[in-house]
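Below is one structure, written out as structure tokens; comments come after it.
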Amino acid sequence: MKIISSIEELRDQLRGQLRTAFVPTMGNLHEGHLSLMRLARTHGDPVVASIFVNRLQFGPNEDFDKYPRTFQDDVEKLEKEGVYVLFAPTEKDMYPEPQEYRVQPPDDLGNILEGEFRPGFFTGVTTVVMKLFSCVQPRVAVFGKKDYQQLMIVRNMARQFALPTEIIAAETFRAEDGLALSSRNRYLSDDERSEAPALYQALDHVASAIRSGHLDVPALEQQAMSTLAQRGWQPDYISIRKRINLQAPSADDLAQGTPLVVVAAAKLGNTRLIDNLEV
């Protein structure tokens, strides 16, 4: 595996490659990330991964410097997966001058749910993804469904800018007890780790109720949030949304069986976890 930090060297290495499959990450890799590498290989060749902790998507109250960095361990994992190139730029490589041009998602998608609780987050995400796509020029790129809103925003961005990159969605990789794998899970204490699957269980309960014909959306959302709060969580939201645009479903949508997704974010102790479940 070649480890490259400069954009110019990366482009030289990939020149002439027409089927590059790309997996962007911020490092601290776990089995969920590695499953993305395997999926990428089924859609293209060579497989290129990136590791870059993107300062632009961290808010003023989010500690960029404390984000876990495990580069050597990450390299070993990627080598075992047969990744061809690891693009690992420094901040100076990615942002040699202040990144004054930004990609701004539409308010009705970028400023709801995660965007409401993390203002500016998706502008940072779309800006760095657009820049990474420019560097790698992949035929396909793989994003996990765990970050459901991010996946939708990136997919819409690629379509509206007519980027020559197909966005592939990967199913959420879960531990045996249902907890979605996340780099943030390492912040959980042993007791918190035992409690953490309750988030997925809350989503599953809501999804099961919808499938059973219980369509009082506000009541289902409130009950799920109350259940988590009683267990010591601090929920930001548990929300039933339409898959197509993450807007709240109307009565007609519910009656017609419009595909839905239940999305959630909640803090357990000091760790904020997100998850979702399609209905």
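Laid out as a table, the results:
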| quantity | calculated |
| --- | --- |
| Residue in segment 127-158 that is nearest to the chain's Cα centre (by Cα), counting only those that are of a type outside the set (A, V, I, L, M, F, W, C) and closer than 23 Å to Ala180 by Cα | Asp147 |
| Residue match in segment 95-109 (condition: among the polar types (S, T, N, Q), farther than 24 Å from Ser183 by Cα and in contact with a Lys or Arg (Cβ under 6 Å, 6 or more places away or on another chain)) | no |
| Matching residues in segment 1-52 - criterion: being touching a residue at least 60 places away in the same chain (Cβ under 8 Å) and basic (Lys, Arg) | Lys2, Arg11, Arg19 |
| Single match in Arg139, Arg186, Arg174 (criterion: basic (Lys, Arg) and within 23 Å of Gln17 (Cα to Cα)) | Arg139 |
| Hey, Phe133 closer than 14 Å to Val23 by Cα, open to solvent by less than 30 Å² (accessible area, probe 1.4 Å), of a type in the set (Phe, Trp, Tyr) and not in a strand (DSSP E or B) or not | yes |
| Number of positions in segment 221-245 that are open to solvent by 60 Å² or more (accessible area, probe 1.4 Å) and either of a type in the set (D, E, K, R) or not in a loop (DSSP other than H, G, I, E, B) (or both) | 7 |
| Segment 70-119, subset farther than 23 Å from Met130 by Cα, part of a loop (DSSP other than H, G, I, E, B) and of a type outside the set (Asp, Glu), residue least open to solvent (accessible area, probe 1.4 Å) | Thr70 |
| Segment 164-205, subset among the hydroxyl-bearing types (Ser, Thr, Tyr) and open to solvent by 70 Å² or more (accessible area, probe 1.4 Å), residue modelled with the lowest pLDDT | Tyr187 |
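The values are calculated or read from the model by the stated rules, or taken from the named source; none is laboratory data. Given the structure is predicted, the values throughout are model-derived calculations rather than measurements. Cβ atoms come from the backbone with ideal geometry, glycine included; neighbour counts cover every protein chain shown. Accessible surface is based on the protein model in full, side chains and every heavy atom, while ligands, DNA and RNA are left aside. Shrake-Rupley method; radii C 1.70, N 1.55, O 1.52, S 1.80 Å.
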